[in-house]
1. Please go through segment 363-381 and pick out each residue that is exposed (fewer than 14 other Cβ atoms within 10 Å of the Cβ) and among the β-branched types (Val, Ile, Thr).
2. Could you count how many residues in segment 118-140 are aliphatic (A, V, I, L, M) and either surrounded by fewer than 20 Cβ atoms within 10 Å (Cβ to Cβ) or not assigned by TED's automatic domain parsing to the domain that holds residue 333 (or both)?
3. Based on what the data block shows, is residue 371 within 17 Å of residue 68 (Cα to Cα) and basic (Lys, Arg)?
4. For segment 319-354, enumerate the residues that are assigned to a strand (DSSP E or B) and surrounded by fewer than 22 Cβ atoms within 10 Å (Cβ to Cβ).
5. For the subset of segment 305-318 comprising residues that are not aliphatic (A, V, I, L, M) and not in a loop (DSSP other than H, G, I, E, B), which member is nearest to residue 151 (Cα to Cα)?
6. Scan the strands (runs of 3 or more DSSP E) fully inside segment 182-274 and keep the ones with 2 or more residues being surrounded by fewer than 16 Cβ atoms within 10 Å (Cβ to Cβ).
7. Take segment 73-92 and flag every residue that is hydrophobic (A, V, I, L, M, F, W, C) and more than 18 Å from residue 212 (Cα to Cα).
8. Exactly one of these conditions fails for residue 281: (1) surrounded by fewer than 21 Cβ atoms within 10 Å (Cβ to Cβ); (2) at pLDDT below 95. Give me its number.
Amino acid sequence: MRRWMLVAAVVVAFGVLGPTGVGSEAAPRLPQRITLCWTPPDITGVFKTATDFFEKAAAEARQHGIPVQVVSRAPAAHTEFATQVAIIEDFIQRRCSVIAISPIEVEVIIPAIRKANAARIPVIIVNLLEPIRGVQVASYIGFDNTVAAMVSAYSLVDYFGGPGVLGAGSRVAVRQDQYLDLAWWQQVYRTFQNRGDIRVNVGVIEGIAGGFFSTARVNGFRKVVSAFPNIRILDIKPADWNREKGRRVAEDYLTRWPTGLDAIWAASNEMGLGAMLAAEAVGRLELAQEGPRVGDEKVAIFTNDVTPESTARIGEGKIVAETHHGFPEWGWYGTKFGVMLALGQQVPRVFDIRPRTVYRGNHQLFYPNPKLEPIDWEAIKRAARVR
């Protein structure tokens, strides 16, 4: 009897209640601090939006007792490759818990990622889905840049007479929250026969000439418009993802073609806003309506990215359509996955934010309050493993 009483006492002390006497599922042990270090190519427009949502997710995590802080540093300009490398190396020296990077260019940062790998600091790559060879990346959060530009090209085709949700072509019935991604556009155009009826002269503004992201977007745009024999790309000029440079390229196009320039597609939001300002300044900005007016000198603006500023311009009709790349999602899931990695948990290897069309009919869905999946911070905290 005494033996069984002793066993029972041991079970109570260490089995049922645990050694602390407060239950076998004691509170998870969290690190004193989780430092999520984030470096975008610059801090304008789209990257400011992403940074804001890194911070918003971190603030929400802290409300649940997870001690995460976001440290953000960016080069002053989108062409300062060496500066971004130096920032990553500084993050390594500071022993950041996790490093999140939106690379200016992929090849340039590979040596720095290898140093982070050697220091056993998990790396998240944002704005890219294609695996980077020769390095270890915990998660890729982004979209296919070629696909994104294809979506933009279909928006242009739609506006100038093709089927869809824009312009004077045949209308396709959609819900306001319809996800107008590449699969949707390809289905709409699968049986479209009158490709020769779409007549557009378009000037293209690319990012950094020869760069990975710019090349992918230009190739995607070409892939779609090349199937329409009367869509003519008049010229392609780089503007380094910069608004003022985008404005100057657009001014050049507007001067060279006082007539016969129907549209400008800019491969990024900042350059697109610059093009919009240039066309508006000389009275040639096309306002989104029931299709382009034949014979006038107006120029319709199409672009990529989507930020609070450009969403407002879409609502005003000053940008006809823009392709959403999910910048709130970059920050929201970047913080979520960063915390999970710091707590020793598995994260998705690839998180694909499918690009989709934003236009006057749906722009209210995106800002100021984009719809984002709630994060179960309590579940993440319960699953914590000390690294």
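1. Within segment 363-381, no residue meets the criteria.
2. First pass over segment 118-140, keeping only residues aliphatic (A, V, I, L, M): 118-119, 121, 123-126, 128-129, 132, 135, 137-138.
Then drop every residue that is not either surrounded by fewer than 20 Cβ atoms within 10 Å (Cβ to Cβ) or not assigned by TED's automatic domain parsing to the domain that holds residue 333 (or both), which leaves 118-119, 129, 132, 135, 137.
Adding up the residues that qualify gives 6.
3. Details: within 17 Å of residue 68 (Cα to Cα): no; basic (Lys, Arg): yes.
When the stated conditions are applied, residue 371 does not pass them.
4. To start, the set of residues in segment 319-354 that are assigned to a strand (DSSP E or B) comprises 321-324, 350-352.
350, 351, 352, listed by residue number.
5. As a first pass, look at segment 305-318 and keep what is not aliphatic (A, V, I, L, M): 305, 307-311, 313, 315-318.
Right, trim to not in a loop (DSSP other than H, G, I, E, B) and you get 305, 308-311, 313, 315-316.
On the way: 305: 12, 308: 20, 309: 20, 310: 17, 311: 17, 313: 19, 315: 19, 316: 21 Å.
Taking the candidates together, the pick is 305.
6. Details: elements: 200-206, 231-238, 263-266.
Here the list reads 231-238.
7. Step one: of segment 73-92, the residues hydrophobic (A, V, I, L, M, F, W, C) are 74, 76-77, 81-82, 85-88, 91-92.
Across segment 73-92, the qualifying residues are 74, 76, 86, 87, 88, 91, 92.
8. In the conditions (1) surrounded by fewer than 21 Cβ atoms within 10 Å (Cβ to Cβ); (2) at pLDDT below 95, residue 281 misses (2) alone.
The values are calculated or read from the model by the stated rules, or taken from the named source; none is laboratory data. Computed from a predicted model, the values in this text were never measured in an experiment. Because the Cβ atoms are built from the backbone with ideal geometry, glycine has one as well, and the counts that use them run over all protein chains shown.
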